[in-house]
């Protein structure tokens with residue numbers, strides 16, 4: 001950066017015809033300006049200026065530096081100006097990764113409106129139920145659901161993630177409805193297999209608010225929540241599900257809440273971004289946009305009670 005500043009000073013000297021005028025224009029003393037020009041000549045190993053008592057002239061090497069250096073400085077100014085503009089306006093490509101089911105159900109329908117609001121933004125969406133490393137993969141943003149691991153990422157809560165145990169009416173008619181967490185051991189339970197393995201310990205809360213951990217078992221498990229939802233609707237067992245995933249099934253009666261007196265603690269739906277000093281406006285805009293549409297009472301929870 002010293003080289004760039006010194007070249008800028010050299011160009012200013014040529015434009016104004018004197019070191020003192022260039023120094024005043026750059027808020028430098030004449031002594032400092034002279035020292036910097038000498039430093040530039042020393043580091044380049046050539047003389048750039050012929051100095052007389054009345055005039056300054058560029059040497060042949062100085063002429064070359066002026067011709068090529070001016071173009072470089074102008075390109076650099078254009079680049080930095082463009083970056084500042086990009087930071088202060090909503091432009092560029094937004095790369096976001098999120099849960100496949102949630103993304104398809106609730107984010108995909110909003111994308112046309114977001115793109116219409118911000119016509120200078122491009123969107124690259126990656127749907128996956130795997131936890132992606134944002135920094136190494138080059139993503140601006142992730143939408144993550146559930147408890148967050150400790151990390152250096154910045155998280156903003158977009159909505160509450162309510163969850164419930166649920167099963168189909170047919171399954172409950174055939175096998176009965178458990179009344180206590182201990183009775184889950186006698187039932188087919190549908191389990192998610194995540195990045196930390198088989199989730200066969202379910203965390204519930206008793207009527208007094210005390211946490212209860214119960215180990216469950218069953219013949220069906222998957223890494224994809226959509227399959228567990230389909231299995232529950234088909235009568236294969238009891239599943240843990242977020243209300244955003246099965247709200248319509250609960251409203252339509254395809255699923256029923258199991259053990260409403262022993263609820264699952266709420267978690268959250270978060271926008272997660274890497275730590276950085278300057279957050280691009282496209283990331284802020286998209287996060288604000290989702291928060292605006294989800295809000296305190298997201299669409300999937302409206303008119304939905306988890307109590308009988």
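The angle between the Cα long axis of helix 243-252 and the main principal axis of the chain comes to about 40°, on a 0 to 90 degree scale. How would the stretch 163-258 be classified by its alpha-carbon gyration tensor: rounded, prolate or oblate, with rounded meaning a/c under 1.5 and the a/b versus b/c comparison settling the rest? Because its axes are fairly even, with a/c under 1.5, the stretch 163-258 counts as rounded. Label-to-label distance for residue 205 and residue 79 is 5.3 nm, based on points extended 7 Å past Cα in the beta-carbon direction.
Inter-part distance, the stretch 87-143 to the stretch 233-308, computed on C-alpha centroids, equals 18 Å.
Each of residue 67 and residue 35 was given a label point 7 Å from its Cα along the Cα-to-Cβ line. The distance between the two points is 3.4 nm.
Between the helical axis of 60-88 and the longest alpha-carbon principal axis of the chain there is an angle of about 30 degrees. Per-peptide packing, taken as the mean over residues of other Cβ atoms within 10 Å, places 33-46, 247-260 in the sequence 247-260, 33-46 from highest down. Per residue, the average separation of C-alpha pairs within less than 8 Å and at least 6 apart gives the stretch 163-258 a relative contact order of 44 percent. Exposure proxy for 208, 221: other Cβ atoms within 10 Å of each Cβ, ordered fewest to most, give 208, 221. Exposure proxy shown here: for 287, 59, the number of other Cβ atoms within 10 Å sets the order, fewest to most, as 59, 287.
Modelled spin-label separation between residue 215 and residue 299, with each label point placed 7 Å from Cα along the Cα-to-Cβ direction: 4.3 nm. Annotation: extensible slack from residue 173 through residue 3 equals 53.2 nm (criterion: 0.36 nm per residue apart, minus Cα-Cα distance). Taking the DSSP bridge list for the chain and keeping only pairs wholly inside it, about 65 percent are antiparallel. What do you get for the angle between helix 30-44 and the principal long axis of the chain? Use alpha-carbon atoms, 0 to 90 degrees, nearest ten. The helix 30-44 is inclined about 80 degrees to the chain. Take every pair of alpha-carbon atoms less than 8 Å apart whose residues are at least six positions apart; their mean separation over the length of the chain yields a relative contact order of 21 percent.
By the helix-only formula, in which each DSSP H run with n ≥ 4 contributes -39500 (n - 2.57) and the sum is divided by residues, the chain has a 222 nm mean residue ellipticity of -11500 deg cm²/dmol. Taking all Cα pairs closer than 8 Å and separated by 6 or more residues, the relative contact order of the stretch 2-88 comes to 24 percent.
Here residue 265 and residue 113 are evaluated by their C-beta separation; at R0 = 35 Å the FRET efficiency comes out at 0.60.
Every number here is computed from the coordinates shown, using simple stated rules; none is lab data. Keep in mind the model is a prediction, meaning the values are calculated, not measured. When we count neighbours, we look across all protein chains shown, and the Cβ atoms used for this are built from the backbone with ideal geometry, even at glycine.
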